[in-house]
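Novice: What follows is a single structure, and I will ask about it in a moment.
Please treat every number below as a calculation from the coordinates, not as lab data. As the structure is a prediction and not an experimental result, all values here were calculated from the model. FYI the Cβ positions are ideal-geometry reconstructions off the backbone, even for glycines, and counts take in every protein chain you see.
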Amino acid sequence: FNADGSLIERRNSGWCGTPPISYGDFEGSWTEDNSILDIEVSFWEDTYTYVWEILALNSNTLEVKIIKQEGIIW
């Protein structure tokens, strides 16, 4: 998460979860309103959207409750 509202999500970038697994960085954006994070991340030719509630945040930890996730699900 970057201060300008951008983010990088690192995730499996290959077609399969069988080793060797390839990883890639995917660009996205985020906004926060009253401890609710709205997140969008481009992944291949689709977009993942997440809604998370921030439960705890400090310099070392981000604890969230997942409210919603949409996108390619394998």
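Novice: Please give the length that would be gained between Tyr23 and Leu62 if that part of the chain were fully extended, namely 0.36 nm times their separation in residues minus their C-alpha to C-alpha distance (nm, one decimal).
Specialist: Result: 11.8 nm gained on full extension.
Novice: Roughly what would the spin-label model give for Ser35 and Asp4, points 7 Å off Cα along C-beta, in nm?
Specialist: 3.0 nm
Novice: OK, next. Picking from Ser13, Thr47, Ser35, whose Cα lies most toward the positive end of the charge dipole for the chain (charges on Cβ: Lys, Arg +1; Asp, Glu -1)?
Specialist: Most positive-ward Cα: Ser13.
Novice: Work out the length of the dipole vector of the chain about its Cα centre, built from +1 on the beta-carbon of each Lys and Arg and -1 on the beta-carbon of each Asp and Glu, and round it to the nearest 20 debye. Walk me through the intermediate numbers first.
Specialist: Working: 4 positive and 13 negative charges, 70 e Å.
Here the chain has a charge dipole of around 340 debye.
Novice: Taking just the C-alpha trace of the chain, give me its Rg and Dmax in Å.
Specialist: Final numbers for Rg and Dmax: 13.5, 41 Å.
Novice: Give the relative contact order (percent, whole number) for the chain; include only Cα pairs under 8 Å separated by 6+ residues.
Specialist: 19 percent.
Novice: I need the peptides 33-44, 10-21 ranked by packing, meaning the mean over residues of other C-beta atoms within 10 angstrom, with the highest value on top.
Specialist: Packing proxy ranking, top to bottom: 33-44, 10-21.
Novice: Taking all pairs of distinct Cα atoms, average 1/r, flip it, and tell me the Kirkwood hydrodynamic radius of the range 35-74 in Å to one decimal place. Write out the running numbers ahead of the final one.
Specialist: On the way: mean 1/r = 0.0898 Å⁻¹.
Mean inverse Cα-Cα distance, inverted, gives 11.1 Å.
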